1. For the subset of segment 129-169 comprising residues that are out of contact with any strand residue (DSSP E or B) (no Cβ under 7 Å at 6 or more places or on another chain) and of a type outside the set (Gly, Ala, Ser), which member is nearest to residue 292 (Cα to Cα)?
2. So which residues in segment 115-159 are of a type in the set (A, V, I, L, M), out of contact with any Leu (no Cβ under 8 Å at 6 or more places or on another chain) and surrounded by fewer than 23 Cβ atoms within 10 Å (Cβ to Cβ)?
3. Return the pair list, or none, for Cβ contacts closer than 8 Å from residues in segment 64-89 that are farther than 23 Å from residue 249 by Cα to residues that are among the β-branched types (Val, Ile, Thr), at least 6 apart or on different chains.
4. Can you name every residue in segment 46-60 that is among the hydrophobic types (A, V, I, L, M, F, W, C) and either surrounded by 14 or more Cβ atoms within 10 Å (Cβ to Cβ) or touching a Lys or Arg at 6+ places or on another chain (Cβ under 7 Å) (or both)?
5. If only one of 20, 46 is of a type in the set (A, V, I, L, M) and either in contact with a Leu (Cβ under 7 Å, 6 or more places away or on another chain) or under 28 Å from residue 184 (Cβ atoms) (or both), which one is it?
6. List pairs: first residue in segment 129-146 and over 19 Å from residue 83 (Cα atoms), second residue assigned to a loop (DSSP other than H, G, I, E, B) anywhere in the structure, Cβ distance under 6 angstrom, at least six positions apart or on different chains.
7. For segment 4-23, what are the residues that are farther than 14 Å from residue 145 by Cα and either part of a helix (DSSP H, G or I) or among the hydrophobic types (A, V, I, L, M, F, W, C) (or both)?
Amino acid sequence: MAAEGFWNNQEKAQTTVAELKSLRLVALPLKESIDAAADLQGLIELLDEDPSAREEIEQEISRLEKQVDELELKALLNGTHDASGALLSVHARDGGVDANDWAAMLLAMYIAWAERNDYSAELIERLDNEEAGITQATVAIRGPMAYGYLKGEEGIHRLVRISPFNAEGKRQTSFAAVDVSPEISDTVEVEIDEKDVREDTYRASGAGGQHVNKTDSAVRLTHLPTGIVAQCQSERSQHKNRANAWKMLRARMARIEEERREEEQNAKYQNKVRQKGFGSQIRNYFLHPDQRVKDARTEHYQGSFQGVMDGDIQGFLDAYLVWRMAQNSDD
């Protein structure tokens, strides 16, 4: 980083800075733990001479045990793209307007998580529903190990509540799908044959007929061999929308390549469509009859629905890392 001309290539420089942050995330706490353990050993040796030091030693042991547990979790973030930023997309599924509202709530939840952890969140694409909420949106979340932490959020999220959009006040179940891909730098090679990609342009539209473009500025890219679609209409410029759509397509292709390389992910890749169907939710959120959130995979439970909506989801992210490690061990 101190080399002359380091900042001449901004994107490459930012990639290096992000890599440094990810390394420091583990290296600095590890060094501190090793040093603290050496000091602790010295205190234990003095315990026979000074029994009053027992309480201090017990507190230090407890602190170190917690720090080591956190380090073990971070050590699980060792995937090919775990240190990358994350492109997280939310799509409304079954449930009508409630699903659109639920998708918007999830989007806000992930942005709140990013803010709580000093990560940046840049909204790349948002398509509002005419009545409420969103049809879909994509946000880029950048920070140390953002993709590593968030990749376990991919899947169906189910909400049960008394619908604010139902005049009869009936209980409503709605679904939203979350897709997570690593944000890939242009310096990273992702093999995509442009001949395999169909580009469609169309007129962008917004909620309530607002912000309707008179030109075909929106861009949709379809990777024909896999059927993967990436689209963007948030910018007025077709050029910018095309660049963002290619960014999302490259990210999703990199995600597939990562899953193909990892043997334990093969079944997930092959059954992805089935996993995203009705009844295959990864997490259940309840506002009625009581307020709670429970992960269907890890069984991690949180009793504060509003706390989760305010971005307090780290417990779910950590529990997934441990669960995934256990699954790999069983495999």
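1. By that ranking, first place goes to 164.
2. Passing the criteria: 121, 123, 127, 132, 156.
3. 71/26; 73/322; 74/26; 75/26; 76/322
4. Here is the first cut: in segment 46-60, the residues among the hydrophobic types (A, V, I, L, M, F, W, C) are 46-47, 53, 57.
Those that are among the hydrophobic types (A, V, I, L, M, F, W, C) and either surrounded by 14 or more Cβ atoms within 10 Å (Cβ to Cβ) or touching a Lys or Arg at 6+ places or on another chain (Cβ under 7 Å) (or both): 47, 53, 57.
5. Values: 46 fails: either in contact with a Leu (Cβ under 7 Å, 6 or more places away or on another chain) or under 28 Å from residue 184 (Cβ atoms) (or both).
Answer to the check: 20.
6. The qualifying pairs are 135/129.
7. The first filter runs over segment 4-23 and keeps only residues farther than 14 Å from residue 145 by Cα, leaving 4-14.
Listed by number, the residues that qualify are 6, 7, 8, 10, 11, 12, 13, 14.
Here is a yes/no grid of residues against (1) closer than 19 Å to residue 249 by Cα; (2) part of a loop (DSSP other than H, G, I, E, B); (3) out of contact with any Ser or Thr (no Cβ under 8 Å at 6 or more places or on another chain):
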| position | (1), (2), (3) |
| --- | --- |
| 132 | no, yes, yes |
| 141 | yes, no, no |
| 144 | no, yes, no |
| 147 | yes, no, no |
| 152 | no, no, yes |
| 158 | no, no, no |
| 165 | no, yes, yes |
| 168 | no, yes, yes |
| 175 | no, no, yes |
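The values are calculated or read from the model by the stated rules, or taken from the named source; none is laboratory data. All values derive from a computational prediction rather than experimental measurement. When we count neighbours, we look across all protein chains shown, and the Cβ atoms used for this are built from the backbone with ideal geometry, even at glycine.
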